[in-house]
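Participant: Structure in structure tokens, see below.
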Amino acid sequence: MKKTITLQVNAAKPQAEFIEQAAAVIRRGGLVAFPTETVYGLGADALNEAAVQKIFVAKGRPADNPLIVHVCSRQMLDRVASRVSAAAEALIARFWEGPLTLVLPRSEALAQTVSAGLTTVAVRMPSHPMALALLAAADTPIAAPSANRSGRPSPTTAAHVLEDLDGRIEMVLDGGTTPIGIESTVIDMTADVPLILRPGWITREAIEAVIGEVRQAASPDELKRSPGTRYRHYSPRARVILVEVPKAAEDRGEAAARLQHLCRELLETGKVALLSHTPVVIDDANFTTLRLENSATDYARRIYAALRELDERRPDVIVVEGIGETHEGAAVMERLRRAASTTVTSDE
Ligand code: TXA
Ligand code: MG
């Protein structure tokens, strides 16, 4: 067990002495969790093989699941990627710094395990001032997966990081709640037609507006290109049932009645937690609920924290009401499907 140091940092104007302390940990091969605009990342020097291996140990991450490398400048990108295509350049110009990860051919300098045996590297330039300050001070690309134990919901606060990794990492930079709340979009730029491996805040439509047609990974063969998608993810301890919103417009009264019916049925066999945008009232000591707004922005920002919070109330099942699947909603629903063991559609 190590003692994990937590530093409270001003997110908008990170104090130089704290950033320097964290950068020193990275430079000597240690692990630092830090906020990005999406979720907290667990960082190590991407050029240091031993340091990168510590990430896999701390998270309990399968060795065949590669990591995202973070950079803060074009020179740093050129240290990790051996080639940047014209289409990749166009996406960089439009979306960096920001929540878009590009899969590019990797350079030799990169630690082997970062790519888990692949010939490519997933790389992004985050927009969070603390992430950028840390990268600049460490002066090395930083490999950072989400800072959760493997299989747990991604952390959107420093407290979530400590829940999962206290005593397993050197340091956490606490910069408050991460603004977006779900992980970056991952797009494979080495495929003939660029392939979205993981949907995210940058939508397919926004990408296509810049580089023309892209595809969304769907077949098992395509998903093999993104090893992360093979694993069940984002899961709280309780069983999760996702209720998809019906395609046809439905009034709120109907939706509430439907959710209430499902929850009552489940209450016959155990404790039930409901996470929804439709308000549902059930007077039962075994029932607990959390409300979100019916928007992709609010769901993205609060979904992982809400799943952790409800899970702490120790229900047997968590019922989650979905949102519409257009634009950013698609990325939110992908996370919810992966957390869920059962998905029910309400168009019976
Ligand atoms: O928003 C984010 O992307 C956050 C923050 C910390 O930057 N990071 C994150 O990392 O979500 P992680 O490790 O939890 O997810 C990385 C995803 C996985 O699905 C992994 O399989 C995929 O990216 N990936 C990494 N390298 C890859 C590669 N060379 N080829 C294909 N997929 C890759
Ligand atoms: Mg992750």
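Every read-out reported here was derived from the displayed coordinates using simple, explicitly stated rules and does not represent laboratory data. Model, not experiment: these values are computed from the prediction. Glycine gets a Cβ as well: all are built from the backbone with ideal geometry, and neighbour counts include every protein chain shown.
Participant: Could you list, in their original order, any pairs among 13/59; 2/59; 2/54; 59/271 whose Cα atoms are separated by more than 19 Å? Present the calculation step by step, with values, prior to reporting the outcome.
Facilitator: Details: 13/59 29 Å; 2/59 15 Å; 2/54 13 Å; 59/271 30 Å.
Long pairs (Cα-Cα over 19 Å): 13/59; 59/271.
Participant: While we're on this one: Can you compute the FRET efficiency between residue 86 and residue 205 using 1/(1 + (r/R0)^6), with r the Cβ-Cβ distance and R0 = 25 Å? Round to the nearest 0.05.
Facilitator: E between residue 86 and residue 205, to the nearest 0.05, is 0.75.
Participant: Return the whole-Å distance between the Cα centroid of segment 123-183 and the Cα centroid of segment 241-301.
Facilitator: About 31 Å separates the Cα centre of segment 123-183 from the one of segment 241-301.
Participant: Considering just Cα atoms, how many Å³ per residue does the convex hull of segment 247-348 enclose?
Facilitator: Value for segment 247-348: 98 Å³ per residue.
Participant: Let me ask you something else. What residue among 60, 270, 175 has the largest mean-square fluctuation in a Gaussian network model of the chain, using Cα springs under 10 Å?
Facilitator: Evaluated over the chain, the most mobile residue of the options is 270.
Participant: A further question follows. If we count every other residue with Cβ under 14 angstrom of residue 137's Cβ, Lys/Arg +1 and Asp/Glu -1, where does the sum land?
Facilitator: -2
Participant: First select every other residue whose beta carbon is under 13 angstrom from the beta carbon of residue 10; then total the charges, Lys and Arg +1, Asp and Glu -1.
Facilitator: -1
Participant: If you don't mind, there's one more thing I want to ask. Can you give the three extents of the C-alpha atoms in segment 233-273 along their principal axes, from longest to shortest, in whole Å?
Facilitator: Extents along the principal axes: 32, 28, 10 Å.
Participant: Could you pull out the GluC sites (Glu not before Pro) across segment 121-199 that fall in loop regions by DSSP (anything but H, G, I, E, B) with no more than 14 other Cβ atoms inside 10 Å?
Facilitator: none
Participant: While we're looking at this one, here's another question. Please report the antiparallel percentage of the DSSP beta bridges confined to the chain, to the nearest 5.
Facilitator: On the way: 17 of 50 bridges.
Here the antiparallel bridges make up roughly 35 percent for the chain.
Participant: Specify which residue in the list 102, 65, 92 is farthest towards the positive end of the charge dipole of segment 63-102, using unit charges on the beta carbon of Lys, Arg (+1) and Asp, Glu (-1), about the Cα centre.
Facilitator: With unit charges placed on the Cβ atoms, the residue in question is 92.
Participant: Still on this model: Where does segment 1-57 land on Rg/Rh, using Cα atoms and the Kirkwood Rh? Intermediate results must be reported in sequence, preceding the final value.
Facilitator: Working: Rg = 11.8 Å, Rh = 12.2 Å.
Using Cα coordinates only, the ratio equals 0.96.
Participant: When only DSSP loop residues count, what trypsin sites (Lys or Arg not before Pro) in segment 12-95 have their Cβ near at most 14 other Cβ atoms within 10 Å?
Facilitator: Working: sites: 27, 28, 54, 59, 74, 79, 83, 94; in loops: 28, 83.
Loop-located and lightly packed - 28, 83.
Participant: Let me ask another. Which residue fluctuates most in the GNM of the chain (Cα springs below 10 Å): 65, 148, 286?
Facilitator: 286
Participant: Additional query: How big is D for segment 273-323, in µm² s⁻¹ as a whole number, if Stokes-Einstein is applied with the Kirkwood radius of its Cα pairs at 20 °C and 1.002 mPa s?
Facilitator: Numbers: Rh = 11.2 Å.
Reported coefficient: 191 µm²/s.
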